[in-house]
Amino acid sequence: MRPHNAFTIVLAAAGAGAVLGIAGIVSLPAVLAGIPWGILIIFVSLDIFTKLIVRTGIMELLAARLLRFSRGRRVRVLWTFGLLLFVISSVLNNLTAVIVILPVAFLLLRAMKLDQVYVAGLFALILAASNLGGAATPIGDFPAILIMDSGITTFNSYLISAWPLFAVTMVVLVLFHILSYRVRTKWRRGAGGGVRREAEVIRLMEQYGQQEQDWPLFTCLAVFFALMFAAW
């Protein structure tokens, strides 16, 4: 959905609610009292925080460094992408994490010339890692925030109970994808690889990693996040 379409829908819904309230069909105070304002404020604040993190360029730098470390080797790419998405999604908005990683993924696929089965598995791992990371912590996860607001659990209790479970699940998922790839290639080391492919991947990642980073903004956001985490 495009931003202006979403804004139109929200504006239309607000207008319809105002008309119903003025006509006396519904009670606006009762409706407003039922809205979880605290959750909405937290969710909007985290969304703004995520957008500011993206502006620093730090995630692109991290992705480029990790991909340079992988050197275009298919097994390394699987667990590097999986763990990177899990960590980013656990502290930021899931959708934003995927959007930031996708340009790096497309560059990588362009350099490695991967087969369709591997590409499908890689993108499946990216989506699964994003969702698992989002559910591992209550940060930026709307259902988790809603559960905490209901009083069923606290931030610490959720974190202690959920993070180890989803982290183990993530590791098992990555191992499954690696094993699946190894079985298809009959455990051949560097299957489909080569010096030229590694050099092309490194060249593209260095070019992508030349974007400037806003370190002062990142430092301020890191301090803010630490205070926010301590407050929770």
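The values are calculated or read from the model by the stated rules, or taken from the named source; none is laboratory data. These numbers were taken from a predicted model, which means no experiment stands behind them. When we count neighbours, we look across all protein chains shown, and the Cβ atoms used for this are built from the backbone with ideal geometry, even at glycine. We work out accessible area using only protein heavy atoms, side chains counted, and drop any ligands, DNA or RNA first. Shrake-Rupley method; radii C 1.70, N 1.55, O 1.52, S 1.80 Å.
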**Prompt:** With respect to LEU85, is the statement that it is within 14 Å of the chain's Cα centre (by Cα) and under 16 Å from ASN131 (Cβ atoms) true?
**Reply:** yes
**Item:** Number of the exception - LEU127 against (1) on the phi > 0 side of the Ramachandran plot; (2) modelled with pLDDT of 85 or more; (3) not aromatic (Phe, Trp, Tyr)
**Value:** (1)
**Complete:** With criteria (1) among the aliphatic types (A, V, I, L, M); (2) open to solvent by less than 40 Å² (accessible area, probe 1.4 Å); (3) in contact with a Leu (Cβ under 7 Å, 6 or more places away or on another chain), LEU52 comes up short on (2)
